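Accompanying notes for the structure given below.
What follows is calculated from the coordinates using simple rules that are stated; it is not laboratory data. Since the model is a prediction, treat every value here as computed from it, not as a measurement. Here the Cβ is made from the backbone with ideal geometry for all residues, glycine too, and neighbour counts use every protein chain on show.
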Amino acid sequence: MEDLFFSFTPEGPKLIDGISFGVGKKDRVAVIGKNGKGKTTLLNLLANEFSLTSGEVKLHPNTKMAYFGQTNIARLSPAKTALDEIMHAHPEHSHGMARAICGVMMFEGDNALRR
């Protein structure tokens, strides 16, 4: 990410003002801050859910993007279980791997089988 600027309106205040950083292959990143300070907006920009005001986000050619935001309930199928949703999003994963992902997302045990 280089020299990123973002505002919801052209004349509005910049929510993100000149941020630059890089993330390596084995890096882990935490986005921490008070409510309303732009954490979700930053993640939406990285996921191309919003358009940048200016700046550039560069991804390695082998990057596989995945993003599930705070308000993605409309993207879920009411007929599918949590496990079904994970298997649909990642059909290459084994059943065991999908169950492990469900567990990390706090759908442990039989909760993974709930709609």
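Below, the figures for the structure above:
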quantity: Region 79-115: number of residues that are on the phi > 0 side of the Ramachandran plot and among the small types (Gly, Ala, Ser); calculated: 1
quantity: Residue list for region 15-67, restricted to those being among the aromatic types (Phe, Trp, Tyr) and loosely packed, with under 14 Cβ neighbours inside 10 Å; calculated: Phe21, Tyr67
quantity: Test set (1) in a loop (DSSP other than H, G, I, E, B); (2) farther than 30 Å from Thr9 by Cβ - Met65 fails condition number; calculated: (2)
quantity: Output for region 68-100, where each listed residue is surrounded by 13 or more Cβ atoms within 10 Å (Cβ to Cβ), among the β-branched types (Val, Ile, Thr) and within 30 Å of Gly22 (Cβ to Cβ); calculated: Ile86
